[in-house]
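**Q** First, the structure itself, so that you have it in front of you.
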Amino acid sequence: MITLLSTWTFGVALGFVALGVFVSFKLFSFPDITTDGSFTLGAVVATVLLVAGVDPVLATLAGMAAGAVAGSFTGMLHAILGIEPLLSGILMTTALASINLVVLGRSNVPLSGVKTLFDRAEFALLPSARLLGFDEVTAGEAARLGFMLLAAGGAVLMLYLFFRTRLGTAMRAGGDTPTMARALGRNTGGLTVAGLAIANSLTALSGAVVAQYQGFADVQMGIGMVVWGMASVYLGAALVGQVRLGGALLATLAGSVTFRLLVAAALRAGLDPDWLKFTTAVVVLTALVAPRLLVRRHQASAAR
């Protein structure tokens, strides 16, 4: 039971990465490789501040702010200097590799004995978990999962409300049809910078939360996060099909949890960890191809 709960907790924590990739890739059509670096940046900044005695909430918000700055720089490389989106993200991630190491001071910093968000969450939600029938062993993990679900639900709600405002609608329009947005007098470059700042703040939030959950920060922990985010986005889309903004955001979060459950099930079934990245690629490929094959099959059946 505790393994299942922890898998859910970790999947929801990584769901913020998926939400960030959804914003950058789905709403702005921007393949942002900064994800790998900003995930680590959020973890590094939060960890350094936590070790220094800063309040966990403030440390986490600082990690988010650092990710937003990184995303803004990526956007400016593209919007101001005219560098291609993919190369802009690669340049920023390369720079962040050094920045993260310098900020952290060494390759790995533990959080043993440091109060984190999850300590507070466990203190606040443990009585509720016990009332729900969880025993002493699983109640703590259930409380942590409850906290992550509340945080993720709040993030989805805020994104939904923001992207339905006038500014948010303009940002979505600029991502879908930049030519029309420019014709209407919108600064598409500025909208892209703002969008990438939001996307990478979510990714950095995930890094800060994951570091606190697992009890350490590592300069290599962000490797492959852009793949995770893309897999979650497409897996969520494959689960629910074509839906509106609110449903798409919830599907993205569900895709992250589902992907984490699939990975945990594969490892529990005896999958060699050396094949984990290959399995990830297969899952992404399946999520991309399966819906198209189903549509073609349906069209072929209708044509008969």
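Every read-out reported here was derived from the displayed coordinates using simple, explicitly stated rules and does not represent laboratory data. Keep in mind it's a predicted model, so treat the numbers as computed, not measured. When we count neighbours, we look across all protein chains shown, and the Cβ atoms used for this are built from the backbone with ideal geometry, even at glycine.
**Q** Beta carbons within 10 angstrom, averaged per residue: use that to sort the peptides 162-173, 46-57, 202-213, 273-284, highest first. Mind showing how you got there, number by number?
**A** Details: 162-173: 15.4, 46-57: 17.9, 202-213: 30.2, 273-284: 13.5.
Top of the packing list down: 202-213, 46-57, 162-173, 273-284.
**Q** Calculate, in whole percent, how much of the Cα-Cα pair population of the range 21-84 lies beyond 17 Å. Before the final figure, lay out each step's value.
**A** Details: 943 of 2016 pairs.
In whole percent, the share of Cα-Cα pairs in the range 21-84 beyond 17 Å is 47.
**Q** Something else now. Just to be sure I follow: if Rg is taken over the C-alpha atoms of the range 1-158 and Rh is the Kirkwood radius over the same atoms, what is Rg/Rh?
**A** Values: Rg = 17.7 Å, Rh = 17.2 Å.
The Rg/Rh ratio comes out at 1.03.
**Q** Dipole size in debye (nearest 20) for the chain around its Cα centre, Lys and Arg Cβ +1, Asp and Glu Cβ -1? Could the numbers behind the result be given before it?
**A** Details: 19 positive and 13 negative charges, 228 e Å.
That gives a dipole near 1100 debye.
**Q** Take the alpha carbon atoms of the chain, find their radius of gyration, then divide it by 2.2 N^0.38 Å using N residues; give the quotient. List each step's numbers first, then the result.
**A** Values: Rg = 19.7 Å, N = 304, 2.2 N^0.38 = 19.3 Å.
My calculation over the Cα atoms of the chain gives 1.02.
**Q** Considering the chain as a Gaussian network with a 10 Å cut-off on Cα pairs, which listed residue, ARG260, ARG130, ARG292, attains the greatest mean-square fluctuation?
**A** Looking only at ARG260, ARG130, ARG292, the largest GNM fluctuation is found for ARG292.
**Q** While we're looking at this one, here's another question. Take the Cα gyration tensor of the range 192-294, multiply each eigenvalue by 5, square-root it, and list the three semi-axes largest first, rounded to whole angstrom.
**A** Values: eigenvalues 100, 93, 28 Å².
Those come to 22, 22, 12 Å.
**Q** Here's another thing I want to ask about it. Through the Karplus equation 6.51 cos²θ - 1.76 cosθ + 1.60, θ set to phi - 60°, convert the phi angles of the range 31-38 into ³J(HN,Hα) values in whole Hz; use x for Gly and Pro.
**A** x, 8, 6, 4, 3, 4, x, 6
**Q** Something else about it: Mean residue ellipticity at 222 nm from the helices of the chain, using -39,500 (n - 2.57) per DSSP H segment of n ≥ 4 over the full residue count, to the nearest 500 deg cm²/dmol? Present the calculation step by step, with values, prior to reporting the outcome.
**A** Working: 13 runs with 235 residues, N = 304.
Calculated mean residue ellipticity at 222 nm is -26000 deg cm²/dmol.
**Q** Just name one of PRO31, GLY71, PHE259: the one whose Cα is farthest towards the positive end of the charge dipole of the chain (beta-carbon charges, Lys/Arg +1, Asp/Glu -1).
**A** PRO31
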